[in-house]
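*Asks:* Sharing a structure here in structure tokens format.
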Amino acid sequence: MTDHSKSSAFRRKLDLAGGVLVMTVSFFTWLSLLHRFNLSYLYPFEGLDRVLLAFAAWLILKEKMSRDLWIGLILICLGTAFVAGS
Amino acid sequence: MSSTTNQTKSDNVPAESEDEARRKRKSPLLHPYLQLFISIILTAASQIFLKIGVDTQFAPPWYTVSNFFAYWIWLGIFAVIGSLFSWLYALRSVPLIIAYNFAATNHIMVAVGSWLFLGEAISSRRWIGVFLVALGVFFIARPAARAEEKL
């Protein structure tokens with residue numbers, strides 16, 4: 001785990017501001033996508049964020065993938081593929 | 001010395017029973033599982049509000065002045081904030097793993113909502129996809145809860 005107590009208060013504020021900025025961008029991106037697609041088509045793709053997160057944790061943070069996690073990721077990808085082809 | 005007395009004092013305090021917790025609650029609305037349910041409903045509702053707002057009130061460049069008065073979109077934003085608060089409230093007493101399992105139904109809620117309220121036609125292939133995604137999120141609940149507990 002990262003030791004947050006060592007990072008300076010300024011650094012933490014910067015991280016927070018970065019997080020808010022990224023979330024704002026993602027919100028407006030989501031709105032423009034909603035403008036173009038049906039909600040029932042678009043929403044399942046939101047499940048892919050967990051896939052990205054898990055792979056990032058696996059590759060960058062070197063976390064271990066459990067069997068349940070693999071099953072879940074494969075099901076999400078499969079489901080999204082079904083929705084994409086519908 | 002003082003730390004040891006503090007230790008024994010806190011040990012002597014009996015754990016709050018479920019009955020006591022219920023009596024302390026001022027309103028039945030604050031039941032944690034009801035709040036969890038409200039949180040999930042609000043998350044799905046926010047998506048539907050946003051979709052209605054984008055379809056009826058939103059003009060493409062996001063900085064267009066009229067966009068700031070699009071009340072459906074504001075409603076969606078407030079629903080997201082409300083769902084976050086009730087989620088955090090529920091997590092004070094609901095185990096994380098159970099909360100995550102409930103949250104997996106979100107994908108189904110959104111699909112049912114867009115079928116009922118937005119009149120979207122959902123093919124059987126899309127239903128299968130939605131259920132597979134929900135099942136996948138359900139499987140991920142356990143590893144996700146374990147990762148969150150570490151934080």
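The values are calculated or read from the model by the stated rules, or taken from the named source; none is laboratory data. All values derive from a computational prediction rather than experimental measurement. Ideal geometry is used to build each Cβ from the backbone, glycine not excepted, and the neighbour counts take in all protein chains shown.
*Asks:* Do you know which residues across the stretch A:1-40 are within 29 Å of B:S123 (Cβ to Cβ) and either at pLDDT 90 or above or small (G, A, S) (or both)? Give the derivation first.
*Replies:* The first filter runs over the stretch A:1-40 and keeps only residues within 29 Å of B:S123 (Cβ to Cβ), leaving A:26-27, A:29-40.
Passing the criteria: A:S26, A:S32, A:S40.
*Asks:* Looking only at residues that are in a helix (DSSP H, G or I), surrounded by fewer than 20 Cβ atoms within 10 Å (Cβ to Cβ) and among the β-branched types (V, I, T) in the stretch B:93-111, which one is modelled with the highest pLDDT?
*Replies:* Of everything passing the filter in the stretch B:93-111, B:I108 is modelled with the highest pLDDT.
*Asks:* I'd like to check something: does the stretch A:55-62 contain any residue that is within 28 Å of B:A44 (Cβ to Cβ) and at the interface with chain B (Cβ under 10 Å from one of its Cβ atoms)? Steps first, please.
*Replies:* Looking only at the stretch A:55-62, we keep the residues that are within 28 Å of B:A44 (Cβ to Cβ), and these are A:55-57.
Then keep just the ones that are at the interface with chain B (Cβ under 10 Å from one of its Cβ atoms); that gives A:57.
Scanning the stretch A:55-62, I find at least one residue that is within 28 Å of B:A44 (Cβ to Cβ) and at the interface with chain B (Cβ under 10 Å from one of its Cβ atoms), so the answer is yes.
*Asks:* Scan the stretch B:112-120 and give yes if some residue there is assigned to a helix (DSSP H, G or I) and more than 10 Å from every other protein chain (Cβ to nearest Cβ), otherwise no. Working first, answer last.
*Replies:* So in the stretch B:112-120, the residues assigned to a helix (DSSP H, G or I) come out as B:112-116.
Keeping just the survivors that are more than 10 Å from every other protein chain (Cβ to nearest Cβ) gives B:116.
Yes.
*Asks:* Which of the numbered conditions does A:E46 fail, given that it passes all the others? Conditions: (1) under 19 Å from B:I77 (Cα atoms); (2) charged (D, E, K, R); (3) surrounded by fewer than 13 Cβ atoms within 10 Å (Cβ to Cβ).
*Replies:* It is condition (3) that A:E46 fails.
*Asks:* Examine the stretch A:24-32 for a residue that is touching a Gly at 6+ places or on another chain (Cβ under 6 Å), within 13 Å of chain B (Cβ to nearest Cβ) and without any contact (Cβ under 8 Å) to a residue 40 or more places away in the chain, and state whether such a residue exists.
*Replies:* Just the residues of the stretch A:24-32 that are touching a Gly at 6+ places or on another chain (Cβ under 6 Å), to begin with: none.
Looking for residues that are touching a Gly at 6+ places or on another chain (Cβ under 6 Å), within 13 Å of chain B (Cβ to nearest Cβ) and without any contact (Cβ under 8 Å) to a residue 40 or more places away in the chain, one finds none in the stretch A:24-32, hence no.
*Asks:* Does the stretch A:64-77 contain any residue that is buried (at least 17 other Cβ atoms within 10 Å of the Cβ) and either among the aromatic types (F, W, Y) or touching a residue at least 24 places away in the same chain (Cβ under 8 Å) (or both)? So that I can check it myself, show each step before the final result.
*Replies:* From the stretch A:64-77, those buried (at least 17 other Cβ atoms within 10 Å of the Cβ) are A:69, A:72-73, A:75-76; that's our starting set.
With the extra rule that they be either among the aromatic types (F, W, Y) or touching a residue at least 24 places away in the same chain (Cβ under 8 Å) (or both), the set shrinks to A:76.
Yes, because at least one residue in the stretch A:64-77 is buried (at least 17 other Cβ atoms within 10 Å of the Cβ) and either among the aromatic types (F, W, Y) or touching a residue at least 24 places away in the same chain (Cβ under 8 Å) (or both).
*Asks:* Additional query: Select from the stretch B:29-51 the residues that are away from chain A (no Cβ under 14 Å), touching a residue at least 24 places away in the same chain (Cβ under 8 Å) and of a type in the set (A, V, I, L, M, F, W, C) and list them in ascending order.
*Replies:* From the stretch B:29-51, those away from chain A (no Cβ under 14 Å) are B:29-39, B:41-42; that's our starting set.
From what is left, the residues that are touching a residue at least 24 places away in the same chain (Cβ under 8 Å) are B:30, B:32-33, B:35-39, B:41-42.
Within the stretch B:29-51, B:L30, B:L36, B:F37, B:I38, B:I41, B:L42 meet the criteria.
*Asks:* Restricting to the stretch B:132-151, count the residues that are more than 7 Å from chain A (Cβ to nearest Cβ) and at pLDDT 85 or above. Don't jump to the end; show me each part of the working.
*Replies:* From the stretch B:132-151, those more than 7 Å from chain A (Cβ to nearest Cβ) are B:134, B:138, B:141, B:144-149, B:151; that's our starting set.
Still in the running and at pLDDT 85 or above: B:134, B:138.
Qualifying residue count, the stretch B:132-151: 2.
*Asks:* Here is a follow-up. Find the residue count for the stretch B:113-130, including only residues that are in contact (Cβ under 8 Å) with a residue 24 or more places away in the chain and crowded, with 16+ Cβ neighbours inside 10 Å.
*Replies:* Kept after step one, since they are in contact (Cβ under 8 Å) with a residue 24 or more places away in the chain, are these residues of the stretch B:113-130: B:113-114, B:117-118.
Then keep just the ones that are crowded, with 16+ Cβ neighbours inside 10 Å; that gives B:113-114.
Here the count works out to 2.
*Asks:* Residue check, A:T80 against (1) at pLDDT 90 or above; (2) surrounded by 14 or more Cβ atoms within 10 Å (Cβ to Cβ); (3) over 23 Å from B:F138 (Cα atoms), all met but one. Which one?
*Replies:* Condition not satisfied by A:T80: (3).
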